[in-house]
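First comes the structure, then the notes that go with it.
Just so it is clear, none of the values below were taken in a lab; they were calculated from the coordinates. Model, not experiment: these values are computed from the prediction. Using ideal geometry, Cβ is built from the backbone for each residue, glycine included, and neighbour counts are taken over all protein chains shown.
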Amino acid sequence: MTRSELVTALAQRFPQLQTNDTGLSVNVILERMAEALTHGDRIEKRGFGSFKINFRLPRTGRNPKTGQCVQVPAKAVPHFKPGKELRDRVG
């Protein structure tokens, strides 16, 4: 589902809201989620899942084309763990 599909679905579900309002709401929610992850906070929606930041240590990798060793720096990556309810519904 894309952002515009989510906005359309919300606008249809709540006809008292205008599409611009739902679009703004979706943007604010996603912005706040990104901000929270940027600050190292964990985001949890019971039944749906949680987002957190995983830290990857620096390591030595290989360039697949040349086989040459390259240093891969440490980095932080977002990670999503689905909740039990979501796992049950999907699988």
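Entry note: the stretch 1-41 has Rg to Rh equal to 1.09, where both radii use alpha-carbon atoms and Rh is the Kirkwood radius. May I ask for the distance between the Cα centers of the stretch 61-76 and the stretch 1-48, given as a whole number of Å? So the separation of the two Cα centres works out to 36 Å. Extents of the chain, taken as max minus min of Cα coordinates on every principal axis and listed largest first, are 59, 30, 28 Å. Measuring r between the beta carbons of Glu44 and Ala9 and using R0 = 30 Å, the FRET efficiency lands at 0.85. Can you give the translational diffusion coefficient of the stretch 42-91 in µm²/s, computed by Stokes-Einstein from the Kirkwood radius over Cα pairs at 4 °C and 1.567 mPa s? Stokes-Einstein gives a translational diffusion coefficient of 97 µm²/s.
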